[in-house]
1. Just the residues that are in contact (Cβ under 8 Å) with a residue 24 or more places away in the chain and either more than 12 Å from ALA124 (Cβ to Cβ) or of a type outside the set (A, V, I, L, M) (or both), please, taken from the range 86-97.
2. Of all residues in the range 80-134, which are β-branched (Val, Ile, Thr) and out of contact with any strand residue (DSSP E or B) (no Cβ under 7 Å at 6 or more places or on another chain)?
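Computed from the coordinates by the stated procedures, all read-outs in this text should not be read as laboratory data. Quick caveat, the model's predicted, so the values are computed rather than measured. FYI the Cβ positions are ideal-geometry reconstructions off the backbone, even for glycines, and counts take in every protein chain you see.
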Amino acid sequence: MEIPDELLCLFSECIEEQKETYTIMVPKEELTDGVIQENGTYRVALIKPASNATDSVESTQPHDDSGPPVEEGERRNVEIEGIGDQGDGIAKVERGYIVIVPDTEQHERVGIEITDVTPTVAFAEVVDRELENE
């Protein structure tokens with residue numbers, strides 16, 4: 001999966017049907033690069049979720065939906081969905097939140113430990129490469 005440089009925001013959200021229209025809720029923290037203007041025109045891309053989009057979570061701590069869905073020290077099993085411009089693996093977790101994982105290959109399933117968390121992206125290191133592709 002290629003992520004274009006001009007992409008300002010990437011997250012997952014459900015679409016709500018309201019009579020003859022559909023609504024997508026954009027979390028306020030996703031708008032750090034600009035302000036939504038009333039009656040403005042914005043591009044929205046809809047991407048069908050992968051059928052195997054369920055990552056196993058080893059942490060039992062609950063996550064606040066308004067912040068990042070991961071915490072430092074948390075371990076997860078993820079699939080590397082793409083490779084970024086710097087050659088690092090890109091995995092997505094809840095709400096489309098991006099986790100950068102160096103030294104991985106596209107489509108590789110790995111066990112990771114989150115090492116750094118920001119509002120828009122987290123960084124992790126591989127702790128287990130012996131996961132089977134599902």
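1. LYS92, GLU94, ARG95, GLY96, TYR97
2. VAL117, THR118, THR120
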